[in-house]
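The values are calculated or read from the model by the stated rules, or taken from the named source; none is laboratory data. What you see is a predicted model, and the numbers here were worked out from it, not measured in a lab. Because the Cβ atoms are built from the backbone with ideal geometry, glycine has one as well, and the counts that use them run over all protein chains shown. With ligands, DNA and RNA removed, areas are computed over all heavy atoms of the protein, side chains included. Shrake-Rupley method; radii C 1.70, N 1.55, O 1.52, S 1.80 Å.
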Amino acid sequence: EHNIYSRLDPRSKIYHLNLPNTCAQCHADPKLIEKYNIPVGNAYQLYMDSIHGRAITKSGLLVAANCSDCHGTHDIQPHDIPTSSLNWKNISSTCGKCHAGILAIFNNSVHGTGINNNNPLTPTCINCHTAHHIQRVEAETWKLDIIKECGTCHEKLLETYRDTYHGQ
């Protein structure tokens, strides 16, 4: 069609606030999800319910992450490709494009060190915050879910944590 506008023009389909709806034309279509065996068929809805999706739709924040901020634009690759922005070794840097302060702390943590040492079992941002349904860390549901998530690797610590005041 001839409605081609700059990505900076609010009329553009790829304008920052419009991009999630543009991507959803295919990624929220059940027929296409089934046809192409898209593993996270509800990614669009999860994103829209996430902190980033709400920041775009409810607040119109141009600084909130949209699809291309994580997946890229023209060279979108599956997460299992080493050069993908979503590969386990790259995901913290991808999130760190917006969360620079947190990235610095993460890189110096035991988990950041694990990534630098090529340990594929090391948790990354999306292990704790999930890929599409990112919640505020102050949310009670996140606080409860993260305890379970940490316990998947730290089973012994989870057992003793449950015995503490905070674990109760």
message: Step by step: first the residues of the range 130-160, then only those that are out of contact with any Ser or Thr (no Cβ under 9 Å at 6 or more places or on another chain) and in contact (Cβ under 8 Å) with a residue 60 or more places away in the chain, then the one that is least open to solvent (accessible area, probe 1.4 Å). Which residue is that?
response: A131
task: Being in a loop (DSSP other than H, G, I, E, B), out of contact with any Asp or Glu (no Cβ under 9 Å at 6 or more places or on another chain) and either acidic (D, E) or open to solvent by less than 50 Å² (accessible area, probe 1.4 Å) (or both) is the filter here, so list the residues in the range 87-97 that pass it.
output: N90
- prompt: How many residues, within the range 32-75, are farther than 23 Å from N87 by Cα, part of a helix (DSSP H, G or I), open to solvent by less than 90 Å² (accessible area, probe 1.4 Å) and of a type outside the set (G, A, S)?
  reply: 4
message: Tell me whether the range 80-92 contains one or more residues that are closer than 23 Å to N119 by Cβ, of a type in the set (S, T, N, Q) and in contact with a Cys (Cβ under 6 Å, 6 or more places away or on another chain).
response: yes
- prompt: Do you know which residues across the range 93-119 are farther than 22 Å from H16 by Cα, in contact with a helix residue (DSSP H, G or I) (Cβ under 6 Å, 6 or more places away or on another chain) and of a type in the set (G, A, S)?
  reply: G112
message: The conditions are (1) out of contact with any Phe, Trp or Tyr (no Cβ under 9 Å at 6 or more places or on another chain); (2) in a loop (DSSP other than H, G, I, E, B); (3) farther than 29 Å from L8 by Cβ, and T83 fails exactly one of them. Which is it?
response: (3)
- prompt: Which ones in the range 98-126 are open to solvent by 50 Å² or more (accessible area, probe 1.4 Å), within 23 Å of C67 (Cα to Cα) and in contact with a Cys (Cβ under 9 Å, 6 or more places away or on another chain)?
  reply: H99, I102, I126
